[in-house]
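Engineer: The structure is given below, and queries will be raised subsequently.
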Amino acid sequence: MNKRITFSEAGGGLGFITLLMVTGGMIALGFLSFLYMEHSGHHVTGMNNQIVWGLPHVFAIFMIVAASGAANIGSVGTVFGKKIYQPLGRLSVIIAIALLIGGLLVLVLDLGHADRLIVAMTHFNPKSIFTWNIALYSGFLGIMFFYLWTMMDRSKLAKSLYKPAGYIAFLWRIILTMGTGSIFGFLVSRQYYDAAIMAPLFITLSYVLGTAIYTLVLMAAYKWTGRELGDKVLNRLRYTLAIFIAAVLFFELARHLTNLYATEHHGIESYILLDGGIYTFLFWGGQIFLGSLVPMFLVWCKKLKDNRLALGVAAALAILGGVSFIYNVLIGGQSYPLVLFPNAVVESSFFDGITNSYFPSLPEMLLGIGGVGVTLLLIVIGVKVLRLLPDSLADKVTDPHHK
Amino acid sequence: MSDRNHMHQNVDQNRGDDGNINAYRRQFMASVVGISGVATVATIAPGIILQQAQAKPADEMVTNKVRWGLLIDTSRLTDGGDACVEACKKEHGWGNEKLSNKEQDAQWIRKVKVTEKMTGHVTSLPVMCQHCDTAPCVDVCPTGASMKRADGIVLVNKHICIGCRYCMMACPYKARSFVHETLTDQRPYSPRGRGVVESCNMCVHRVDAGKKPACVEAAPEAILFGDLNDKESDISKALKEFGGTQIRADLGLNTGVRYRGI
């Protein structure tokens, strides 16, 4: 690691208190929502027996996927030896931990029996991808704390373990995101999910979301703590973001073209791409245009080079694109009717053959916001009590060849 | 009481630890009422009788020597399956949720009307859990609550279901429902609970007592129930002679519920 870099805790003061209050308020709202849903049952949500996973799952999957991507910033420094990324590693690990905890909390608190969490930890079905994920998520947290220790401890032992920890974290992360993508990849019954490409697609998406969130947190942290943040670092993040957005587009193209070739999938494809209402809008408007093309333009437009506002907007839009994608896959995929009898019109009292509608309820939204609050609070506290942020990320500090 | 015990014991015998608990329960009950394990009827209080009358003794393991199945002949279903749905509702006590909306209501079995687009041919059939041999719901369940008994009956162990609904995502037949509200006045032999997933369990309590599922009794002229492994059973003979169709046979799930006339 660059020896000239020194790390220090963020200062306290009014800004810190304000952040605590805001994130604490979000958490309180989320917790109240959980109590309300737990007390009443899921009939107070917009979810039903047709759309069984709703907005809480969009939040949860978003954060879990982003967690893996946030840790990628650290991996680039450790595994690929890019020196400029190494000072960014500590914050990346904390953001990853915070995102994973926030996402898991939302997921767990939406369970029909959140009180039976201990059952989920003592009864395992080894064939279930959920079971793999319980192991992957728990392992991820442990590895991330270990990785952070190797970055922060000054002992020789810690330093000697820095590289191995980075490699383990890198591999674990990839498997974890594949596990999350595979939740959808192996559902044979659903027209929109049954594709193994979901696994690499989710890995690439995780890089986009993680980089975008990392960039926004870094910019906010340096602005609010009055530290210097140079263009060299930001430009690395900027181009990383755009390249991964392009990679997601490539996988999306492959996925949809594959589906379009198979007659079996024509129905769902025309639903998502042409006449799915909100889902078509989210795909073209949210994911493709606002979430992919505009951010790529903002990054690669030469006139906007070193423009931080453009980068911030690009990162925010990339997050919007990611949310659109997850909402589309999750809710859109469920809203399309199951095919019981191909080439037939199917009707029943259980809404067979009907495009299901879903309107998220306020408690679901607040539960998700509570999870985001937990993530932000953990980051704020982490930055305050641990030496995560380099005192300066000015170009002359991060780049030894800077003149 | 006894019926519920039958179901749970059979469910639990696939799980070693819970099996011990049941052994303990039996021992406890025996000591309370002063009967030995072999007694079949005992009066535990005036008017309350503990009865163990069934085809298969409750502590006998469910084996894979039998595989229970249904053959539904849609051409003989005069009402398209309405009577089956009503019988199931009555048997298991579903269909009267008060707070849930229609999309949230549980449906263990439903009548599906199929109109072929090209010919306009219309068929009606009851659709419920198809009791797959390789059930996707069993594969995806993180806790093993969604399970298949050795005799082929697929059901939910409601004690360890955490309500994640992954099985509902995985089921190709939309056979499962999640309970969205607190329920009261349940059938003792078919307990249901808020926050838990449920579905047709082929009336496991009746099957273990040597009886036929409620839907079969409601449409005896159209539905055959029996052991698919027994070549001499009526259902096996009918399937051999006339064949039977699986819904979404392309998925290769080898369903225990077969149809004729679709």
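Engineer: Using Cα-Cα distances under 8 Å and only pairs 6 or more residues apart, what relative contact order does chain A have, in percent? If you can, show how the numbers build up before the last one.
Structural biologist: Numbers: 619 pairs, mean separation 132.5, N = 403.
So the answer I get is 33 percent.
Engineer: Taking all protein chains in place and a 1.4 Å probe, what share, in percent, of the accessible surface of the protein assembly as shown do carbon and sulfur account for?
Structural biologist: Details: 17840 of 27830 Å².
That share works out to 64 percent.
Engineer: Here is a further query. State the answer as a single residue: which of A:HIS39, A:LEU298, B:THR134 lies farthest towards the positive end of the charge dipole of the protein assembly as shown, with beta carbon charges of +1 for Lys and Arg and -1 for Asp and Glu, about the Cα centre.
Structural biologist: Among A:HIS39, A:LEU298, B:THR134, the one farthest towards the positive end of the dipole of the protein assembly as shown is A:LEU298.
Engineer: Give me the orientation-averaged projected area of the Cα convex hull of region A:91-181, in nm², one decimal. List each step's numbers first, then the result.
Structural biologist: Values: hull surface 26.9 nm².
If I average the Cα hull's projected area over directions, I get 6.7 nm².
Engineer: Ok, one more. In square angstrom and rounded to 100, what buried accessible area do you get between chains B and A, total over both, with the probe at 1.4 Å? Write down the numbers at each step before the final one.
Structural biologist: Numbers: alone 13800 and 18740 Å², together 27830 Å².
Chains B and A together bury roughly 4700 Å² of accessible area.
Engineer: Going down the list A:LYS302/A:LYS384; A:LYS156/A:LYS232; B:LYS117/B:LYS174; B:LYS89/B:LYS117, which pairs span over 26 Å between their C-alpha atoms?
Structural biologist: Working: A:LYS302/A:LYS384 36 Å; A:LYS156/A:LYS232 30 Å; B:LYS117/B:LYS174 22 Å; B:LYS89/B:LYS117 31 Å.
Pairs exceeding the cut-off: A:LYS302/A:LYS384; A:LYS156/A:LYS232; B:LYS89/B:LYS117.
Engineer: Shielding of A:131-138 by partners, i.e. mean partner chain Cβ atoms within 10 Å per residue?
Structural biologist: Working: counts 5, 1, 1, 2, 0, 0, 0, 0.
For this peptide, the per-residue mean of nearby foreign Cβ atoms is 1.
Engineer: Once the Cα atoms of helix A:362-385 and of chain A are each reduced to a long axis, what angle between those two axes, in degrees from 0 to 90 to the nearest 10, is obtained?
Structural biologist: With rounding to tens, the tilt is 20 degrees.
Engineer: How would you order A:116-123, B:81-88, B:128-135 from highest to lowest mean count of nearby Cβ atoms within 10 Å? Don't skip to the answer; put the middle values down first.
Structural biologist: Values: A:116-123: 15.6, B:81-88: 21.0, B:128-135: 22.8.
Highest to lowest by the protection proxy: B:128-135, B:81-88, A:116-123.
Engineer: Now for a separate question. When the dipole is taken about the Cα centre of the protein assembly as shown, and only Lys, Arg (+1) and Asp, Glu (-1) are charged at their Cβ, what size is it in debye, to the nearest 20?
Structural biologist: Values: 61 positive and 49 negative charges, 517 e Å.
Dipole size: approximately 2480 debye.
Engineer: On to the next question. Kindly express, to the nearest 10 degrees and within the range 0 to 90, the angle between helix A:156-185's C-alpha long axis and the longest C-alpha principal axis of chain A.
Structural biologist: For A:156-185 against chain A, the angle is about 20 degrees.
Engineer: In Å and from the alpha-carbon atoms only, list the Rg and Dmax of region A:21-117.
Structural biologist: 17.1, 53
Engineer: Using protein chains only and a probe of 1.4 angstrom, how many square angstrom of B:ASP139 are accessible, to the nearest 10?
Structural biologist: B:ASP139 has an accessible surface of roughly 50 Å² with all protein chains in place.
Engineer: So what is the accessible area of the protein assembly as shown per residue, in Å², with the probe set to 1.4 Å? Write down the numbers at each step before the final one.
Structural biologist: Working: 27830 Å² over 665 residues.
So the protein assembly as shown comes to 42 Å² accessible per residue, rounded to a whole number.
Engineer: On the full set of protein chains, 1.4 Å probe, figure out the accessible area of A:PHE146 and give it in Å² to the nearest 10.
Structural biologist: Rounded to the nearest 10, the figure is 80 Å².
Engineer: Within a 10 angstrom radius of each residue's Cβ in B:110-120, how many Cβ atoms of other chains show up on average? Whole number is fine.
Structural biologist: Numbers: counts 5, 5, 9, 8, 9, 6, 5, 5, 2, 2, 1.
Taking all residues of B:110-120 together, the mean is 5.
Engineer: Sticking with this structure for a sec: For peptide B:152-163, what's the mean number of Cβ atoms from other chains within 10 Å of each residue's Cβ?
Structural biologist: Working: counts 0, 0, 0, 0, 0, 1, 1, 3, 6, 5, 13, 8.
Shielding by partners across B:152-163 averages 3.
Engineer: How big is region B:68-260 by Rg and Dmax over its Cα atoms, in Å?
Structural biologist: 16.2, 48
Engineer: Would you rank B:ARG206, B:ARG187 by solvent-accessible area, highest first, keeping every protein chain in place and using a 1.4 Å probe?
Structural biologist: Result of the area sort, largest leading: B:ARG187, B:ARG206.
Engineer: Give me the log10 of I(q) over I(0) for chain A at q = 0.06, 0.07, 0.09 Å⁻¹, as the Debye formula computes it from C-alpha points; what are the numbers?
Structural biologist: Calculated log10 I(q)/I(0) at the listed q: -0.24, -0.33, -0.55.
The values are calculated or read from the model by the stated rules, or taken from the named source; none is laboratory data. What you see is a predicted model; the values in this text were computed from it and never measured. Every residue, glycine as well, gets a Cβ built from its backbone with ideal geometry; the counts of neighbours run over all protein chains shown. For the accessible areas, the whole protein counts, side chains as well, though only heavy atoms, and no ligand, DNA or RNA atoms are used. Shrake-Rupley method; radii C 1.70, N 1.55, O 1.52, S 1.80 Å.
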